[in-house]
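The values are calculated or read from the model by the stated rules, or taken from the named source; none is laboratory data. Everything numeric here is computed off the predicted structure, so don't read it as measured data. For neighbour counting, all protein chains shown are included, and Cβ atoms are generated from backbone atoms with ideal geometry for every residue, glycine included. Please note that ligands, DNA and RNA were not included when accessible areas were found on the heavy atoms of the full protein model with its side chains. Shrake-Rupley method; radii C 1.70, N 1.55, O 1.52, S 1.80 Å.
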Amino acid sequence: KSTENSRMILALTALGKDVTNVDGHNLLSGLTDMAYVRKQGINGPIWALIAFDSGNYPVPAGGDVTRQALIQVILDAQLSDGGWALSGSTSDPDMTGMALQALAPYYNTDADVKNAVDVALIALSEMQQADGSFSSIDGTHIESIAQVVTALAALGIDAEADPRFIKNSHSALDALCAFYVEDGGFRHTLDGKLDGMATEQGYYALTAYFRMLDGKTALYDMTDVIDMGGD
């Protein structure tokens, strides 16, 4: 899966490693075939774009993938109700949040991206539930909230204070923290137990939020420590 390349690029970039030479392999080259990247649906292009932008990496020549091509694929997948989904015609907060994370770096420079993001933010606000949370196909869980909070942070939107994301005095950040497990970690559902994926996403959403408050680069924008001069 192309997202395995994308995840590895993000992890190695975070560690300050050279993703263009992993035992002689350029991991970026694994993301240059659009048919392969799109094989997973919209998930592939979203994370490929995030991976390229994480270190401002140049897209290797020889394939049909460019940043603009990835952006266009994501824009073309936007549903009529304003968001994105892995499948079907009804937007999902998880995929909408991920799409916004990928598009966020282009919000101020690309009019089509700005329009798509503005529409998606309206859709996300409408998806938010009375307690500030977000529900996906399998119910209400922290991962949906985490993707939204991370997306808002990437766009410079305060998930604790923006009125679009406060329902009945409950903010998106309030909803995220409701899943906290005393002594550390997060649960997948409100009635669940400590969960590994929930903890990972809960903490990186909080990291994204506090980086936004501190005026630092977005969660996956590691150009503050590495910049390969992509185009």
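With only Cα atoms counted, the chain has Rg and Dmax values of 17.2, 55 Å.
Computed over the alpha-carbon pairs of the stretch 135-178, the distance histogram in 5 Å steps reads 5, 25, 32, 24, 12, 2 percent, short to long. Listed peptides 58-67, 83-92 appear in the order 83-92, 58-67 once ranked by packing, highest mean of other Cβ atoms within 10 Å at the front. Mind checking the angle between helix 142-154 and the chain's longest principal axis? C-alpha axes, 0 to 90 degrees, to the nearest 10. Relative to the chain, helix 142-154 is tipped by roughly 60 degrees.
When the surface is traced with a 1.4 Å probe over the full set of protein chains, Tyr180 keeps roughly 100 Å² accessible. Angle of helix 67-76 to the longest C-alpha principal axis of the chain, folded into 0 to 90 degrees and rounded to 10: 40°. For the residues Arg7, Arg164, Arg211, a 1.4 Å probe over the protein chains yields an accessible-area ranking, largest first, of Arg7, Arg164, Arg211. Label-to-label distance, Met8 versus Ala61, with points set 7 angstrom from Cα along the beta-carbon direction: 2.5 nm.
Report the label-to-label distance for Asn168 and Asp110 in nanometres (one decimal), using points 7 Å from each Cα along the Cα→Cβ vector. Simple spin-label model gives 3.8 nm for this pair.
At R0 = 22 Å, how high is the FRET efficiency between Asn26 and Thr207 if r is their beta carbon distance? Nearest 0.05 is fine. About 0.20, to the nearest 0.05. In the stretch 3-73, the portion of solvent-accessible area held by carbon and sulfur atoms comes to 52 percent [1.4 Å probe, whole percent, DNA, RNA and ligands not counted]. Computed from point charges on the beta carbon alone (+1 for Lys and Arg, -1 for Asp and Glu), the dipole magnitude for the stretch 51-128 about its Cα centre is near 200 Debye.
Taking a probe of 1.4 Å, how large is the accessible area per residue of the chain, in Å²?
Working: 10810 Å² over 231 residues.
On a per-residue basis, the chain sits at 47 Å².
Solvent-accessible area of the stretch 103-217 (1.4 angstrom probe, protein heavy atoms only): carbon and sulfur portion equals 53 percent.
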